[in-house]
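The values are calculated or read from the model by the stated rules, or taken from the named source; none is laboratory data. Since this is a predicted model, take the numbers as computed values, not measurements. Cβ atoms come from the backbone with ideal geometry, glycine included; neighbour counts cover every protein chain shown. All accessible areas refer to the heavy atoms of the entire protein, side chains included, with ligands and DNA or RNA removed. Shrake-Rupley method; radii C 1.70, N 1.55, O 1.52, S 1.80 Å.
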Amino acid sequence: MIKPLLTLACVVGLASTCRAADKPNVLFIAIDDLRPELGCYGSEIAVSPNLDALANDGLLFNRAYCQQAICRPSRASLMTGARPETTGLFHNYVSLRELQPDIVTLPQHFIAHGYETAYCGKIFHQGDTDEENSWSRSPVKWIKGIEKPVGGYALPENNKIKSDNMKEMLAKYGEAARRGLGSGPAYENADVPDTAYGDGYNTRLAIETMKQMAKADKPFFLGLGFKKPHLNWTAPKRYWDLYDPDKIPMAAHSDAPEGGAAMGLHASFELRTRAGIPKIGPLGPELSRTLKHAYLACVSYVDAQVGLMVRALEDAGVRDNTIIIVWGDHGWHLGDLGVWGKATNYEIATRVPLMIWTPGMKSRGKPTDALVELVDMYPTLCELAGLPIPDHVEGHSFVPLLDDPDRAWKKAAFSQYPNPALREWAANPLSQGMRETWFGPLIREVESRIIEQMGDTWDRELFEQHLMGYTMRTDRYRLVVWRDHRNPQADPVFVELFDHQSDPGETKNVALDNPNVVARLTQQLDAGWKAAL
């Protein structure tokens, strides 16, 4: 029997006085670099039975979007309920607390209202784990009989490749090499148990942590963060064997958008740092297929861990009083538009998987096409738990969609990204070290395309340091406006418009053909997220 989600006392704000049984637990599942490549999203090939089952009994969001398609800014945004323009965090090499020392994070808010919080794996980005403020207890650290993975790869030869490459890069470029220049292979197929890699190991830790928390007199907020399918794509052989590589469909559109911004796409820097990946030029069909196979194997590996975690909730007797929410921090191009990686302002990079299951929801198994954003998760979970929503939160609770998925909703979703073509893969401006590596010719090639397109408007400092792409997704269109971040009111440097009614793959920029639409949507973009509610 499903328990009532909340007692009246919790709803009216007396959360700290409620017994654990009166308040819902929260299982907060993060999946790194996962695009909506799942069976429940219509993937032709992905084997994802556990996530599919969760979606079929909960609510699946067909059109959910991140606020910036890179790890640290996206996670800082959703964990604080504040958008990148508010956090000030636009790349991976500055910490949240440096910029926002006093902002209240989602788990921190739950602690203040009587919850116990813990996490295993990756919830915040590395360096932003916020142990002091956001987590009230440490997770289980080890499990008898299970060895903790070390080195990133299960095969010694791959760990050696990584070590040798790092030594070579450190000798050439000093400490700058630690920002990703010394890497091992992009993928690994090893006949090992699930716990030989971090995600399988962390799932077992999370299960044991949950068992302890379930026995306490407080409700729990447990974060379980999976690092796959982030590079490197390492997964046990059993998950590779789920796929016939000859039947894996490749990107439907592998060319840059016709008439699109030359700065809108990058040169797949993150992937190219890996051993065995060409440093310039196309990857080739055989390697491309292997890479997508590796990505899919990681998706299925993570799906299996999600299944273990959900079954553990059932075994512990707390499944019927636990909110389960699953999210990806951004999408990922798998050769789409000619790019391998996240870090663009296009649909492939900004659209994310998002699903939720709650004990009291009235509509189950019916997806919603409502436009929602990752920043909306903070107020949603607050409302479901009967917590007040802090004043700083810039998202909008989607609780009403749990009962009525087809109701009218937001008019738009908003994302942004600084010039991906002339940024490193962590979204920071290009360093001199990057220019001196094997990436030098690639950077010059990309830069020449931008200069050719922009002509007299080319300005190196602007394009490398200050150019921001602001994008808005409406029911029909995606608008991308490229502006000087120092002066958002200035005229755009370039504008892109994609009509999803006729071009869902965003293959052609139709801005020049639709000046009235551009003007109307630009006005809507400038009005901001509040006007879209």
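Could you please let me know if residue 133 is modelled with pLDDT of 95 or more and touching a Gly at 6+ places or on another chain (Cβ under 6 Å)?
No, not satisfied.
Sort out which residues of segment 314-345 are closer than 13 Å to residue 54 by Cα, out of contact with any Gly (no Cβ under 8 Å at 6 or more places or on another chain) and aliphatic (A, V, I, L, M), and write them in order of number.
Selection gives 323, 325, 326.
Here's a check for you: in segment 61-86, which residue that is over 17 Å from residue 379 (Cα atoms) and touching a Leu at 6+ places or on another chain (Cβ under 8 Å) is least open to solvent (accessible area, probe 1.4 Å)?
My answer is 73.
Residue 417: in contact with a strand residue (DSSP E or B) (Cβ under 7 Å, 6 or more places away or on another chain), over 17 Å from residue 256 (Cα atoms) and open to solvent by less than 10 Å² (accessible area, probe 1.4 Å), yes or no?
yes
Taking residue 183 as the residue in question, decide whether it is at positive phi, within 23 Å of the chain's Cα centre (by Cα) and either open to solvent by 10 Å² or more (accessible area, probe 1.4 Å) or of a type outside the set (Asp, Glu) (or both).
Considered against the rule, which asks whether it is at positive phi, within 23 Å of the chain's Cα centre (by Cα) and either open to solvent by 10 Å² or more (accessible area, probe 1.4 Å) or of a type outside the set (Asp, Glu) (or both), residue 183 comes out as no.
Given (1) touching a His at 6+ places or on another chain (Cβ under 8 Å); (2) part of a loop (DSSP other than H, G, I, E, B); (3) not small (Gly, Ala, Ser), identify the lone condition not met by residue 86.
Failing condition for residue 86: (2).
Kindly evaluate residue 400 against the criterion of being under 30 Å from residue 358 (Cβ atoms), modelled with pLDDT of 95 or more and open to solvent by 10 Å² or more (accessible area, probe 1.4 Å).
Spelling it out, residue 400 is indeed under 30 Å from residue 358 (Cβ atoms), modelled with pLDDT of 95 or more and open to solvent by 10 Å² or more (accessible area, probe 1.4 Å).
Consider residue 306 carefully, then state whether it is assigned to a helix (DSSP H, G or I), within 27 Å of residue 415 (Cα to Cα) and under 21 Å from the mean Cα position of the chain (by Cα).
No; evaluated as a whole, the condition is false for this residue.
Write out, first by first residue and then by second, each pair whose Cβ atoms fall under 8 Å of each other, whose residues are 6+ apart or on separate chains, and whose first residue, in segment 349-368, is on the phi > 0 side of the Ramachandran plot while the second is open to solvent by less than 10 Å² (accessible area, probe 1.4 Å).
365/55; 365/58
Select from segment 1-58 the residues that are assigned to a loop (DSSP other than H, G, I, E, B) and open to solvent by less than 10 Å² (accessible area, probe 1.4 Å) and write down the one among them that is modelled with the lowest pLDDT.
Residue satisfying both the conditions and the ranking: 23.
Taking segment 186-230 as the search range and keeping residues that are polar (S, T, N, Q) and either farther than 24 Å from residue 326 by Cα or surrounded by fewer than 19 Cβ atoms within 10 Å (Cβ to Cβ) (or both), which one is farthest from the chain's Cα centre (by Cα)?
Within segment 186-230, the match that is farthest from the chain's Cα centre (by Cα) is 212.
I'd like the full set of residues that are in contact with a Ser or Thr (Cβ under 8 Å, 6 or more places away or on another chain) and among the hydroxyl-bearing types (Ser, Thr, Tyr), limited to segment 391-449.
Answer for segment 391-449, where residues must be in contact with a Ser or Thr (Cβ under 8 Å, 6 or more places away or on another chain) and among the hydroxyl-bearing types (Ser, Thr, Tyr): 397, 415, 417.
Quick check on my filter: what residues within segment 435-489 are part of a helix (DSSP H, G or I), polar (S, T, N, Q) and over 27 Å from the mean Cα position of the chain (by Cα)?
448, 453, 457
Just the residues that are part of a loop (DSSP other than H, G, I, E, B), out of contact with any Gly (no Cβ under 9 Å at 6 or more places or on another chain) and not hydroxyl-bearing (Ser, Thr, Tyr), please, taken from segment 176-190.
If the condition is that a residue be part of a loop (DSSP other than H, G, I, E, B), out of contact with any Gly (no Cβ under 9 Å at 6 or more places or on another chain) and not hydroxyl-bearing (Ser, Thr, Tyr), then 180, 182 are the ones that fit.
If only one of 480, 518, 493 is open to solvent by less than 60 Å² (accessible area, probe 1.4 Å), within 15 Å of residue 265 (Cα to Cα) and either at pLDDT 95 or above or touching a Phe, Trp or Tyr at 6+ places or on another chain (Cβ under 6 Å) (or both), which one is it?
On inspection, the qualifying residue turns out to be 480.
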